[in-house]
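Peer 1: Before anything else, here's the structure in question.
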Amino acid sequence: RSAAGVQIQVTGFDNTRTAGLLTFTFFDAAGNAIAPGAIRSDATASFASYFQISGLGGVFLLTAAFPVTGNPSQVGAVQVQIANSVGTAQTARTVF
């Protein structure tokens, strides 16, 4: 967390090398989803490009930065979903 936002890092492994749709859901200290709710991003092209040149198999480190309007200390937790050709994996709710 910084004065301007939050940064998320996810380390993962995708043996299909087809990761794409990312979904980030942020929660306040009381456990309520923060508006606008789930934030989706299609990173299919970025993952494909990375996996094409990576010598690490399906291992990846994803870093995503989110600016926050208001006070970033009000963001209490995040949950991330990553979808590939087989299905969707979801992280545990991670508290800041």
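Peer 1: Quick check: the angle from helix 44-53's long axis to the longest principal axis of the chain, C-alpha only, nearest 10 degrees?
Peer 2: With both axes taken from Cα atoms, the answer is about 50 degrees.
Peer 1: Can I ask one more? Using a 1.4 Å probe, what is the accessible area per residue for the chain, in Å²?
Peer 2: 61 Å²
Peer 1: Here's a follow-up. Under a point spin-label approximation (7 Å from Cα along Cα-to-Cβ), what is the residue 7-residue 85 distance to one decimal in nm?
Peer 2: Those two pseudo-labels are separated by 3.3 nm.
Peer 1: Further question on the same structure: In nm, to one decimal, how far is the modelled label at residue 40 from the one at residue 96, with both set 7 Å along Cα→Cβ?
Peer 2: Simple spin-label model gives 2.5 nm for this pair.
Peer 1: Taking every pair of distinct Cα atoms and averaging 1/r, then inverting, what Kirkwood hydrodynamic radius in Å comes out for the chain?
Peer 2: 14.2 Å
The values are calculated or read from the model by the stated rules, or taken from the named source; none is laboratory data. It should be emphasised that the depicted structure is a prediction, and the values quoted were computed from it without experimental measurement. Methodologically, a virtual Cβ is constructed for each residue, glycine included, from the backbone with ideal geometry; neighbour enumeration extends over all protein chains shown. Areas reflect the complete protein model, heavy atoms only, side chains present, ligands, DNA and RNA absent. Shrake-Rupley method; radii C 1.70, N 1.55, O 1.52, S 1.80 Å.
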